[in-house]
Amino acid sequence: MPELPEAEVVARQIRANLLGAQLNDCWVGRADIVREGLPTLSWYLGACLEGVARYGKSVALGFHKGNELRYVVAELGMTGLLLFRATQTKYPQHVHVRMSFTGGRESELHYWNPRRFGRLSLLDQAGLDCYRARRFGVDPLTVPRDEFINLMEARRGRLKPLLMHQQVIAGIGNIYANEVLFRTKLHPNHEVSRLRKVAIIRLYDTMQTVLRDAISCGGSSVKDFFAPDGTEGHYKQHHLVYGKEGQLCPNNCGRVIRRLQSERSSFVCPTCQRKSRV
């Protein structure tokens with residue numbers, strides 16, 4: 001479930017509480033959770049956390065030791081969390097990696113992932129560059145508007161799957177795609193090549209607003225999301241259509257929100273999001 005806003009909240013909290021701390025111990029409960037370099041894990045012991053970055057829905061921890069910089073990239077997947085401490089009763093059985101630090105405001109960072117769709121990758125700089133190029137498209141928070149317009153004008157296919165295509169636009173998942181499209185009054189199955197420039201600009205501006213507002217609210221705690229300090233995000237209270245099947249459209253058009261079944265569930269207003277609208 002964690003998408004760009006939730007990953008950004010995670011990155012910011014880790015940066016605020018562990019930047020500059022030294023990694024003293026790392027316990028791995030499941031070897032298959034750590035990919036691309038488990039034998040090199042010992043290198044990280046004694047290294048200092050120098051940087052924290054978000055790429056799409058993933059969080060990268062940059063460690064410095066001697067003259068070398070290496071990274072631990074945490075894929076949050078559908079249920080992955082990075083937490084400072086145990087805060088939920090069901091928590092302990094799903095901790096797969098535990099990192100212990102000294103010199104920070106917090107002393108531990110736990111990787112929790114009950115469904116195990118995510119992984120931790122251990123990478124040097126070249127490996128990180130390759131990882132990013134292979135997995136992530138433009139970042140919707142930082143991509144310039146003109147670049148986004150050019151990207152959209154060069155694409156074909158249905159609009160919502162494109163917004164969720166991580167190698168094209170990194171970080172948007174089902175929740176925020178639904179919310180952005182409703183606010184932009186665009187149907188999820190609208191053909192991208194038929195969008196006029198003014199509609200793409202509206203989409204860009206709405207995407208920026210929704211994602212930034214969600215970050216300000218601490219993300220959306222739908223099902224299992226918690227920030228590293230155990231707090232819930234409150235943007236769910238601002239959802240207009242996601243999970244609102246059968247409720248009246250918040251635009252007061254008199255219609256109810258419908259649920260469309262495709263690759264992922266889409267929530268739409270049949271009036272406000274007609275496919276002919278651009």
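The values are calculated or read from the model by the stated rules, or taken from the named source; none is laboratory data. Computed from a prediction, not measured in an experiment: that's the story for all the values here. Counting neighbours? That spans all protein chains shown, and the Cβs are built from the backbone with ideal geometry, glycine included.
Overview of results
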| read-out | value |
| --- | --- |
| Search result, residues across the stretch 209-223 that are over 13 Å from Ile175 (Cβ atoms) and either of a type in the set (Lys, Arg) or under 14 Å from the mean Cα position of the chain (by Cα) (or both) | Arg212, Ile215, Gly218 |
| Selected residue (criterion: nearest to Glu8 (Cα to Cα)) from residues of the stretch 192-235 that are assigned to a helix (DSSP H, G or I) and of a type in the set (D, E, K, R) | Arg212 |
| Matching residues in the stretch 5-36 - criterion: being at pLDDT below 90 and crowded, with 17+ Cβ neighbours inside 10 Å | Ile33, Val34 |
| Matching option when the condition is within 24 Å of Gln167 (Cβ to Cβ), outside the structural domain of Ile215 (by TED's automatic domain parsing), within 19 Å of the chain's Cα centre (by Cα) and touching a residue at least 60 places away in the same chain (Cβ under 8 Å), among Glu8, Glu75 | Glu8 |
| Residue satisfying condition, being assigned by TED's automatic domain parsing to the domain that holds Gln261 and in contact (Cβ under 8 Å) with a residue 12 or more places away in the chain, within set Pro140, Pro161 | Pro161 |
| Some residue of the stretch 170-187 being outside the structural domain of Val59 (by TED's automatic domain parsing) and exposed (fewer than 15 other Cβ atoms within 10 Å of the Cβ) | no |
| Subset of the stretch 13-54 (residues that are assigned to a helix (DSSP H, G or I), touching a residue at least 12 places away in the same chain (Cβ under 8 Å) and in contact with a helix residue (DSSP H, G or I) (Cβ under 8 Å, 6 or more places away or on another chain)) | Leu38 |
